[in-house]
Structure formats: structure tokens, C-alpha cells
Amino acid sequence: MFSIENKNENGFLKTILRDLNSKTYAAILPSCGAILRSFSVAGNKGPVNVIDSYETREEFIKNAESKGFLGSKLSPFVCRLHHGEYHFGENKYKLQSYYMGKHAIHGLLYKKEFKITGQTANNAHASVTMKYEYRSEDKGYPFNYDCIVTWQLENDNRLSVITECVNKDAGLIPMQDGWHPYFNLGDPIDELQFEFQSKEMVEFNSELIPTQNLIPYSEFSSIKTIGNTLFDNCFTLNMEAIQPLCVLRNPIKKIELEIYPGKSYPYLQIFIPPHRKSIAIENLSGAPDAFNNEMGFITLEPGESVLYETTYRLKFL
């Protein structure tokens, strides 16, 4: 049996999805970009949360950017956009925000207030659906679309997130999608084991902009300790491999995170921040700067929609 609770805490309005049998739960923050604040399973010594997030709403408002965009929705573009500029049709556009150095990063919705449009709890799952109606708010993206996000907790400690983007404009619009969650399995990242089914690594220049070259990559095609490996890279996923396509494991605490990306997310961005206490594992519909390099770039017709989906599963070994 599943339940839903809407709760005010630390300035947040949290929507909590619970599996009453297993005690697994997920907390969502609709008013903070629809982010996932916690994904927790019941351990021998109490709940084990694997999500690195914000303690208070004030911290989110002040420090979302400086703390690395923890959990952010990436829409309508992902990661970096070269100089914040791109051509679409016969026009050239330049985004107004948000910039890290010379480049726009992480889309336009990461701080937006999504409105809850539906909630369901029954014997099979608990889910919450929320929507943000983007209406030409940045002159560098003068288009209209709806971003509809559904988080769903199911049996077997599975949490799915489905994003639907709907073109509400009179003409074509460019679109990408992704997420920026950070995971922490209780010990420094160096001590964790990692595996992901990659075909190639996207080559970056010195400013982390893709060169459009792909480099063969298989270093983590089987489970191995992360150690001192540095990650701030994008990879193509081998969508023909057996799921899960990505596994993060703590062999000491014997807990494992599995990621099951749908075919709408054929790219994986991985980033370990300097503190090395958590790791960002980002499902992406396309590579960084795709509005320019067209690596995963799509256009939507008026009224057309696109779905993006991934599933996370936690288990004890």
C-alpha cells in the first residue's frame, strides 16, 4: 500500500511518496524546480537517504547555483550552451541566464515553481504530477511550452520520473531534457564502486564544450572502484545493453543504486565535485551544446509532445 503526504518543513512544501510496507519514501519539491530532495530506504539503523540536496528553501534560493544545481531539472537545454548562443531557423538567439563564465548552463527551469496537477496513491504506486508553463520568459528562448513532471514510487524500491514537454507555440521549438541529481551512498565517492554501459565518451574542449568527436570508452563497463578518478564528462549509452545501464554501489554498507534510463535518455553526464562526497549522474536526451552541435537536438511541431523517462532502484546487497 502507498500513500502521499504534503508537508511544510524548513520552508519547503514537500510531497512525500511512501511505500507503507517497505518504508521506502521519496520527497519531491514542486516549488523548487520539481526536484527530488530525498530517496530513502529502511536500513538496520534507520532510513538511508541517497540524495544530496538542500536543507532549507532559503538555501535553495540563495545557493542553487553555487552548490552545483543539486537535483535540477535541465530544460529546454542541458549542461552548457556555447556563449549562450544558437541559431534556430533564420534567427540567432542569446540567452540571458544562467551563465557560468562565458557559457549558459543548465536550462531555464531549475528554479521555477511547478504547480501540482494530480496525485495518486493505491496498492501499486504513489505518484505526483506537476507542471510549469514556460511562456517566452527569456528573450534567448522566446518560445512557449509546458513541462509536465511525474514522480512515481513503485514496489521493489523503484522511483520513476517522467517528463513530458508540450509545444504550446505557434511554430517549431528546439528542445532537450535532463536531470542533475547528486547521489551519496554514505561514504566518500572514492570508496564506491561504479559501472555504466557506455559506447563512447563525448570529446570536450578546454571549456567543456563538445568538439563533436566521440572517443571509444569502456573503462567502467564492469563494476570497479572509483578511486581517484575525475569525472566531468558526457558519454553515449549502449542502449542495447541489459538494464540497468548504470550502477553505483557501496560495498561496505552493502547498498546499491541502479539506474534504468529509457531510450529518450541516450546520454549520461557524470560529475564528481571537488569535495568528492557525492556524484552527479545525469540522464540527458542529448549532449551539451546540442542546440549548436545537434547531438541529441530535436524540434517539436506546434501541439507536439515528447516523453523522457528514467527509473532509479535502491537495494541492499
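The values are calculated or read from the model by the stated rules, or taken from the named source; none is laboratory data. Bear in mind that the values here come from a model prediction, so they are computed numbers and not experimental data. Heads up: the accessible areas ignore ligands, DNA and RNA and are worked out on the full protein's heavy atoms, side chains in. Shrake-Rupley method; radii C 1.70, N 1.55, O 1.52, S 1.80 Å.
At-a-glance table
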| item | result |
| --- | --- |
| Cα gyration tensor, region 216-317 - rounded (a/c under 1.5), prolate or oblate | prolate |
| Cα shape, the chain, gyration tensor, a/c 1.5 rule | oblate |
| Computed [θ] at 222 nm, deg cm²/dmol, the chain (DSSP H ≥ 4; -39,500 (n - 2.57); rounded to nearest 500) | -500 deg cm²/dmol |
| With DNA, RNA and ligands ignored, accessible area of TYR308 (1.4 Å probe; Å², nearest 10) | 10 |
| Percent accessible area from carbon and sulfur atoms, the chain, protein chains only, probe 1.4 Å | 48 |
| Probe 1.4 Å - accessible area at HIS83, Å² to nearest ten | 60 |
| Three-way shape call for region 109-197 based on the alpha-carbon gyration tensor, with the a/c threshold at 1.5 | oblate |
